[in-house]
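The next block holds one structure in the form of structure tokens; read it before the comments.
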Amino acid sequence: MDLIGEPKPNVRQLLAFYLEAGVDCALAEEPVDRLSETDAPTAPVRETAPSPRQLPIAAPAVPRSEIAPPPEAAIAMAREAARTAPTLEELRALLENFDGCALKNTATRLVFSDGNPQARIMFVGEAPGRDEDIEGLPFVGRSGKLLDRMIAAIGLDRSKAYIANVIPWRPPGNRTPTPQETQICLPFIQRQIELVNPDVLVTLGNPSTQTLLSTRDGIMKTRGKWFDYDTGTRTIRAMATFHPAYLLRSPSYKRMSWQDLRAIAKALEQS
Ligand code: URA
């Protein structure tokens with residue numbers, strides 16, 4: 001029993017509590033006591049110690065440097081920063097220093113891209129997951145292995161393709177990014193596409209397709225069709241196909257994805 005009469009949770013219950021709250025990996029080797037950080041706002045004083053169940057999930061005070069600006073200001077900052085990046089290296093450096101998206105504070109590292117910046121084909125997913133967050137590279141987990149096989153199906157590999165995500169930081173617990181987070185990150189991926197300047201852009205799954213190809217239609221309707229993606233300086237042929245994570249859950253759609261990949265290979269041959 002603790003001070004307010006609730007039974008103390010055991011380790012299994014505590015872990016279940018954290019998992020439910022989206023805490024499924026450690027951010028660092030050593031714990032950080034946010035409450036003792038000097039520039040943190042003072043937490044309200046409680047008369048009695050709270051039980052773990054009463055603790056708010058985001059209870060620790062957030063240091064001022066980790067408080068993201070309001071979404072409109074962050075979107076304006078992102079547009080300005082992305083616009084001024086003359087190269088991919090500088091875009092990456094700008095993102096490393098960009099404090100407008102709170103996802104940066106919970107992610108382990110930035111997941112910018114993998115593959116060849118000179119590639120003629122660029123794949124864009126939604127957001128990094130746990131494995132990508134650990135390695136700092138997109139699509140390295142189970143769905144990444146399937147993406148590699150999809151790329152191999154058109155006779156290529158990562159040395160001849162460029163891979164990125166709409167969101168470059170892992171959302172905590174792999175939750176869906178909010179519309180604000182997506183809008184804040186959008187100017188950066190748009191600039192990344194412009195700088196890579198591929199002949200074919202492939203959006204993987206609904207979120208990436210709807211965000212980049214400005215459609216509200218679902219993947220069943222959008223997949224396998226050609227879209228025009230306007231970078232501002234050039235129109236790129238774009239095709240949506242299933243996200244590999246979706247194909248892992250629903251393998252019967254691999255046949256359709258194969259058809260999409262055939263069309264993509266043909267377009268690459270012709271351009
Ligand atoms: N899913 C994505 O959309 N991107 C990754 O990098 C990994 C999984």
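The values are calculated or read from the model by the stated rules, or taken from the named source; none is laboratory data. Worth saying up front: this structure is predicted, and the values here are computed from it rather than measured. With ideal geometry, Cβ positions are generated from the backbone for all residues, glycine too; neighbour counts draw on all protein chains shown. Accessible surface is based on the protein model in full, side chains and every heavy atom, while ligands, DNA and RNA are left aside. Shrake-Rupley method; radii C 1.70, N 1.55, O 1.52, S 1.80 Å.
Observations on the model:
- Filter result for G173 (part of a helix (DSSP H, G or I) and within 12 Å of the ligand (Cβ to nearest atom)): no
- The set of residues in segment 106-158 being aliphatic (A, V, I, L, M), in contact with a helix residue (DSSP H, G or I) (Cβ under 8 Å, 6 or more places away or on another chain), farther than 26 Å from P187 by Cβ and not in a helix (DSSP H, G or I) consists of I154 alone.
- Residue under evaluation W258, criteria (1) touching a strand residue (DSSP E or B) at 6+ places or on another chain (Cβ under 7 Å); (2) open to solvent by 50 Å² or more (accessible area, probe 1.4 Å); (3) of a type in the set (A, V, I, L, M, F, W, C), criterion not met: (1)
- Scanning segment 190-197 finds no residues that are within 25 Å of S257 (Cα to Cα) and out of contact with any Ser or Thr (no Cβ under 9 Å at 6 or more places or on another chain).
- Flag for P179 being at pLDDT 95 or above, over 13 Å from the mean Cα position of the chain (by Cα) and open to solvent by 10 Å² or more (accessible area, probe 1.4 Å): no
- Tabulated pairs, segment 257-271, first closer than 11 Å to M150 by Cα, second among the aromatic types (F, W, Y) and surrounded by 12 or more Cβ atoms within 10 Å (Cβ to Cβ), C-beta under 6 angstrom, 6+ apart or interchain: S257/F242
- The residue that is surrounded by the fewest Cβ atoms within 10 Å (Cβ to Cβ), counting only those in segment 115-135 that are more than 14 Å from P168 (Cβ to Cβ), near the ligand (Cβ under 10 Å from one of its atoms) and touching a residue at least 60 places away in the same chain (Cβ under 8 Å), is R130.
- Scanning segment 234-244 finds no residues that are within 16 Å of the ligand (Cβ to nearest atom), touching an Asp or Glu at 6+ places or on another chain (Cβ under 6 Å), open to solvent by 10 Å² or more (accessible area, probe 1.4 Å) and not hydroxyl-bearing (S, T, Y).
- Of all residues in segment 197-209, those being open to solvent by 10 Å² or more (accessible area, probe 1.4 Å) and under 21 Å from E269 (Cα atoms) number 2.
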